[in-house]
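Read the structure below first, then the notes.
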Amino acid sequence: MTSPAPSRHKAGAPRSVWTADLASPDATASLAHAFAAIATPGLCVLINGPVGAGKSFFARNVIQTLMAQKGALEDVPSPTFTLVQTYELGPLDVWHADLYRLTDAGELIELGLEQAFDSALCLIEWPDRLGSLRPDGAVELTMTPDPNHQDRRHVRIDGPTDLITRLSSAMEIPPE
Ligand SMILES: Nc1ncnc2c1ncn2[C@@H]1O[C@H](COP(=O)(O)OP(=O)(O)OP(=O)(O)O)[C@@H](O)[C@H]1O
Ligand SMILES: [Mg+2]
C-alpha cells in the first residue's frame with residue numbers, strides 16, 4: 001500500500017467553514033468517523049472549546065476509528081499529564097496532544113511536535129498554548145456546549161476548502 005501524500009496546508013490556501021449541531025455523543029462520534037476518513041499526514045486539527053466540551057471525546061473517536069480500520073484496538077489514554085500520546089497507525093502517525101498544563105512551549109519542540117506537524121495527523125487540545133508554534137493552515141475545530149441541552153454541542157470547523165468540501169459531503173450538511 002502506498003502512503004497518502006503529505007498534505008500540510010499552506011497559509012493562504014482557500015478556506016471554508018462548516019458548522020453543525022451535534023445532538024448527542026453519537027453525533028460527535030459520526031463526525032469523528034467522517035474526519036478519520038479524510039485525515040492525511042500533515043493535517044493539524046486545533047480543537048478548541050471549554051472544559052468538558054468534548055474535545056477528547058472527538059479526538060479519541062478519530063483515533064479509535066483509525067485503529068479499527070487497521071484491526072488494532074489499543075487504549076486511547078488522555079494526554080492530560082503526558083502532554084502527547086502518539087499512535088503509529090500506518091500509513092498514518094497520529095499525535096494527540098492536550099496542552100492545558102503546558103507551561104513552556106519549548107517542551108513541545110523537544111518532543112518533536114514541529115516535525116509531527118509535517119508528517120503526522122495532529123489533534124491538539126488547548127491549542128492557544130502553542131504560541132508561535134501554531135502551524136499555518138491548520139483546521140480550527142471549535143466545540144461549544146449548548147447551555148440548554150446537556151448532550152448537545154455546536155461545532156464549527158474552519159479549514160482548507162478541499163477538506164471542508166469532503167467533510168460536508170460525507171456529513172451531508174453543506175458548508176456555510
Ligand atoms: N454531543 C456530545 N459530544 C461530545 N461529548 C459529549 C456530547 N454530549 C455529552 N458529551 C460528554 O461530554 C464529555 C466531554 O468530555 P471530554 O473529556 O471529551 O471534554 P474535553 O473538552 O476534552 O475537556 P477537557 O478540557 O477537560 O480536556 C464526555 O463525557 C462526553 O460523553
Ligand atoms: Mg480533553
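Which ones in segment 63-107 are within 12 Å of ligand 1 (Cβ to nearest atom) and among the hydrophobic types (A, V, I, L, M, F, W, C)?
Hits for segment 63-107 are Val76, Phe81, Ala97, Leu99.
Which ones in segment 20-44 are touching a strand residue (DSSP E or B) at 6+ places or on another chain (Cβ under 7 Å) and either free of Cβ contacts under 8 Å to residues at least 24 places away in the same chain or within 13 Å of ligand 1 (Cβ to nearest atom) (or both)?
Passing the criteria: Ala20, Asp21, Leu22, Ala23, Ser24, Pro25, Thr28, Leu31.
For segment 68-82, enumerate the residues that are surrounded by fewer than 18 Cβ atoms within 10 Å (Cβ to Cβ) and among the hydrophobic types (A, V, I, L, M, F, W, C).
First, pick out the residues of segment 68-82 that are surrounded by fewer than 18 Cβ atoms within 10 Å (Cβ to Cβ): 68-75, 77-78, 80-82.
Those that are surrounded by fewer than 18 Cβ atoms within 10 Å (Cβ to Cβ) and among the hydrophobic types (A, V, I, L, M, F, W, C): Ala68, Ala72, Leu73, Phe81.
For (1) touching a Leu at 6+ places or on another chain (Cβ under 8 Å); (2) more than 17 Å from Leu46 (Cα to Cα), each residue gets a yes or a no:
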site: Ile63; (1), (2): yes, no
site: Asp75; (1), (2): no, yes
site: Thr80; (1), (2): no, no
site: Glu88; (1), (2): no, yes
site: Asp98; (1), (2): yes, no
site: Thr103; (1), (2): no, yes
site: Gln115; (1), (2): no, no
site: Ala120; (1), (2): yes, no
site: Leu130; (1), (2): yes, no
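Any residue that is within 13 Å of ligand 1 (Cβ to nearest atom) and in contact (Cβ under 8 Å) with a residue 40 or more places away in the chain - is there at least one of those in segment 113-123?
Here is the first cut: in segment 113-123, the ones within 13 Å of ligand 1 (Cβ to nearest atom) are 123.
Cutting the leftovers down to in contact (Cβ under 8 Å) with a residue 40 or more places away in the chain gives us 123.
For segment 113-123, residues within 13 Å of ligand 1 (Cβ to nearest atom) and in contact (Cβ under 8 Å) with a residue 40 or more places away in the chain: present.
Only one of these is surrounded by 15 or more Cβ atoms within 10 Å (Cβ to Cβ), modelled with pLDDT under 95, more than 16 Å from ligand 2 (Cβ to nearest atom) and on the phi > 0 side of the Ramachandran plot: Gly131, Gly137. Name it. Give the steps one after another, and end with the answer.
Details: Gly131 fails: surrounded by 15 or more Cβ atoms within 10 Å (Cβ to Cβ).
Selected residue: Gly137, the only one of Gly131, Gly137 that is surrounded by 15 or more Cβ atoms within 10 Å (Cβ to Cβ), modelled with pLDDT under 95, more than 16 Å from ligand 2 (Cβ to nearest atom) and on the phi > 0 side of the Ramachandran plot.
Give segment 65-108 a look and list any residue that's within 16 Å of ligand 2 (Cβ to nearest atom), without any contact (Cβ under 8 Å) to a residue 24 or more places away in the chain and of a type in the set (Gly, Ala, Ser), or say none.
Answer for segment 65-108, where residues must be within 16 Å of ligand 2 (Cβ to nearest atom), without any contact (Cβ under 8 Å) to a residue 24 or more places away in the chain and of a type in the set (Gly, Ala, Ser): just Ser78.
Step by step: first the residues of segment 29-54, then only those that are within 12 Å of Thr144 (Cα to Cα) and under 15 Å from the mean Cα position of the chain (by Cα), then the one that is farthest from ligand 2 (Cβ to nearest atom). Which residue is that? Before the answer, list the steps.
Step one: list which residues in segment 29-54 are within 12 Å of Thr144 (Cα to Cα), which gives 47-54.
If we keep only those that are under 15 Å from the mean Cα position of the chain (by Cα) as well, we get 47-49, 53-54.
On the way: Ile47: 8, Asn48: 11, Gly49: 9, Ala53: 8, Gly54: 8 Å.
Across segment 29-54, the extreme among qualifying residues is Asn48.
The values are calculated or read from the model by the stated rules, or taken from the named source; none is laboratory data. This is a predicted model, so every value here is computed, not measured. We place every Cβ from the backbone using ideal geometry, glycine too, and count neighbours over all the protein chains shown.
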